[in-house]
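Enquirer: This is the structure, below, for whatever I ask next.
The values are calculated or read from the model by the stated rules, or taken from the named source; none is laboratory data. Since the model is a prediction, treat every value here as computed from it, not as a measurement. Heads up, the Cβs are rebuilt from the backbone with ideal geometry, glycines too, and the neighbour counts pull from every protein chain shown. In case anyone asks, the SASA skips ligands and DNA or RNA and just uses the protein heavy atoms, side chains included. Shrake-Rupley method; radii C 1.70, N 1.55, O 1.52, S 1.80 Å.
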Amino acid sequence: MPKAGPETSSQGLLADCAKVNGVIRDATVYVNRRSALELLAAPALLGSLAFPLRAGAEPYPTKPIRIIVPYPAGGPYDGIPRIIAQWISAQLGWPIVMDNRTGATGLIGLMAAKQAAADGHTLVVVTTSTHGSMPALKRNLAYDAVRDFAPIVLMADATLVLLVRDDLPVRSVAELIGMMRDKPGQLNYSTGGYGSPHHLATITLFQRAGLPHNVAVHVPFAGLAPALMALLGGNAQFMITSTGAATQHIASGRLRPLAITSLKRSPRLPAVPTMAELGYPGFEVVAWCGLAAAAGTPDAIVTRWNELTNDALRDPKVRDQISALDYDIRGGTAKDFADFVALDIGRYKKLAADMGLAED
């Protein structure tokens, strides 16, 4: 069977699907030449593309692989795994379906993945929210981020930037902190939702500055786009958001960057200092996304997906596509990812306890 190239998913399969930056944007995609019906009707073909797990075991995959995305199509949490799935399918001919299961801050998609057979044919995209902040903020979460999932790989992460409106008379983090301390409850900040990395980054700033969590009014939105519009429209005076979303508004002078939330300066905003440089050592809050499977998935499948994803992340074209989504390449072992998740949850649990954020 000839290998599918990066554009073959639109040939004879989804001729009318739209592409943005080379990423297919419709909600369900088979990134190879054959339709799902053809593949399901031809198990011998799948067998020829599969790899054996161990002596006497059934080869993998034996059917199309589904990657559940707990977010809508179009954003980076959807685009990054699509880019990687397209690369893997092009290399191996594996049929891969992207399944967008949105709602309840990722809960609907996570529960579908948790309840799926642990055979490696259902994977799930996990993020800062699903496997970082929500396990820390929700006492009665319907899944256990550590016990219910097998981590595969951390795919990418993104630096965030603290922005203020150009008409707010502050030009530094210290001046913003001083204004909030002098005028508690009088400033609004917008975020992409409760428990989002942008929300947690803001609360982390309050914590590190010795301010209460309600020193400013939280105005949450269902996504970063409306949150940014609220800032631009004057319904909020400051926010922490992704660097890519802010670049054009920084260039126009409408928004002023004060600091970034990673440990190193961002190449996208090299003149903007880190929080650590400004007197908050170790301050780091990033948005990230990784790949996981249901707990109990065979180690050989987890290892194979880890290897393939790392291979994809080394490809220059994949790196350029992910960079265009304002994310940086990560990769690493499954254990690296497991340790990363445990560290993130621990960090946010301490934040929630210190700031009184945990809820049922």
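Enquirer: Quick one: which of Ala271, Ala300, Ala251 is within 24 Å of Ile83 (Cα to Cα), surrounded by fewer than 17 Cβ atoms within 10 Å (Cβ to Cβ) and over 21 Å from the mean Cα position of the chain (by Cα)?
Expert: None of the others qualify; the one that does is Ala300.
Enquirer: So Tyr143 clears everything in (1) under 22 Å from His213 (Cα atoms); (2) open to solvent by 10 Å² or more (accessible area, probe 1.4 Å); (3) not small (Gly, Ala, Ser) except one condition, right? Which one?
Expert: The single condition Tyr143 does not satisfy is (1).
Enquirer: Let me ask another. Please work out if Leu258 is open to solvent by less than 20 Å² (accessible area, probe 1.4 Å), part of a strand (DSSP E or B), among the aliphatic types (A, V, I, L, M) and over 23 Å from Pro76 (Cα atoms).
Expert: When the stated conditions are applied, Leu258 passes them.
Enquirer: Given the residues Leu187, Leu163, which is the only one that is within 26 Å of the chain's Cα centre (by Cα) and of a type in the set (A, V, I, L, M, F, W, C)?
Expert: Leu163
Enquirer: While we're here: Give the residue that is nearest to Thr159 (Cα to Cα), with candidates limited to residues of the range 98-126 that are of a type in the set (Val, Ile, Thr) and surrounded by fewer than 24 Cβ atoms within 10 Å (Cβ to Cβ).
Expert: Across the range 98-126, the extreme among qualifying residues is Thr105.
Enquirer: Another question, then. Filter the range 327-360 down to the residues that are at pLDDT 90 or above and assigned to a loop (DSSP other than H, G, I, E, B), then identify the one that is surrounded by the most Cβ atoms within 10 Å (Cβ to Cβ).
Expert: So the residue we want is Tyr327.
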